[in-house]
1. Determine which aspartates and glutamates satisfy two conditions relative to residue 282: a Cα distance under 17 Å, and not lying fewer than 8 residues away in the same chain.
2. Farthest toward the dipole's positive end in the chain, which of 130, 79, 254, given Cβ charges of +1 (Lys, Arg) and -1 (Asp, Glu) about the Cα centre?
3. Using Cα atoms only, what is the angle between the long axis of helix 209-220 and the major principal axis of the chain, expressed in degrees (0 to 90) to the nearest 10?
4. Could you check what % of the DSSP bridge pairs in the chain are antiparallel, to the nearest 5?
5. Counting Lys and Arg as +1 and Asp and Glu as -1, each charge on the Cβ, what is the dipole of the chain about the Cα centre in debye, to the nearest 20?
6. Rg/Rh for segment 236-327 to two decimals, with Rh computed the Kirkwood way over all alpha-carbon pairs.
7. As an exercise, find the ratio Rg/Rh for segment 177-228 from alpha-carbon atoms, using the Kirkwood inverse-distance average for Rh.
8. With the crude spin-label approximation of a point 7 Å out along Cα→Cβ, what separation in nm comes out for residue 4 versus residue 247?
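Each value in this text was obtained by applying a stated rule to the coordinates, not by laboratory testing. These numbers come from a predicted model, not from an experiment. So basically every Cβ, Gly included, is an ideal-geometry build from the backbone, and we count neighbours across all protein chains shown.
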Amino acid sequence: MLEELLPNIYRIQVPLPNNPLRMLNSYLIRGKDRSLLVDTGFRQPECREALFGALSKLQVNRDTLDVFGTHIHSDHIGLAPEVVGHGRKIYLGAGDFHWAASDESNLYWNIMDERFLLEGFPQEDLAYLVHTNPARNYGPELDLPNYTIARGGDCFDIGGHHLEVVDAPGHTPGMVCLWMEEDGVMFTADHILYDITPNITMWPNMQNSLGTYLESLQRFRTYPVKQSLPGHREEGNYVGRIDELLSHHEHRVSETESIVTARPGMTTYEIAGKMTWAIKAKNWAEFPVIQKWFAVGEALAHLDYLCEQRRVVRIEDRGVHRYLPFS
Ligand SMILES: [Zn+2]
């Protein structure tokens, strides 16, 4: 679906087949000499069809099209190298650029796999995910040279709009949003989503991703936002949602802490199995493997946060990490 939200600003809904997120919101800021496409969808036929169809309907001259990737997740930049105009730019935040613009993205998966094994994730489940995790298979082709870093404070003037880059690390190390002060419009990407909670997980180049995310949320709370344009689904009440997300994580942090206190010495995998999840499965054993992977990443982000706050300690014991209350 294609919709004009403001003069020269369009929302293109890109379907994400078999994905619980359902849709990605791609946004086009259309200008005479230059247009900017915010996010693209997976490198998958259904996404390609929807995105390219909308761009041709809008008669966008691809030779003038740059892509603004809010973050490195494959549902956001999977098609960036295909859709970007010849010799044009793909913008990414610095912390994500690191993984996208080099062979390090393979390194990323190696580091993640090693860490997940340390956290007690079963080896056979990791092997299964190599072929089934969409993030591993529908990401962009990475050997193109036109990635460019977008830094907080950088500006774009396109289609009569002034857009400023705002750093929003947390969901990924280099997530970037766009702020249009004049209209009070914030492109919130996956930093602030409304009927889904943005996944906060461990990253090799972010020590305390949850702490970083919470800081970004607090900073975003100070913007006088009238309309927000999220990466998925619909928008809602901006400040209300930020407060909800803050208290959601506060609650999750104390839940994680009580699980560690109740039975010291568990791995992250075991701790994740005791946390509450909004997933339709009878018990932890019946969780789909991909959901276990997300759950363990999220539990780990909460444990990293608790370790940083000296409420929990991590010890290494015969090749796995175990967690104890801080005493
Ligand atoms: Zn997303």
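1. Partners within reach: 270.
2. Towards the positive end, the residue furthest out is 254.
3. Compared with the principal axis, the helix lies near 40 degrees.
4. If I count the DSSP bridges inside the chain, around 70 percent turn out antiparallel.
5. Around 400 debye, computed over the chain.
6. My calculation of the ratio gives 1.01.
7. 1.01
8. Taking the two extended label points, one gets 4.1 nm.
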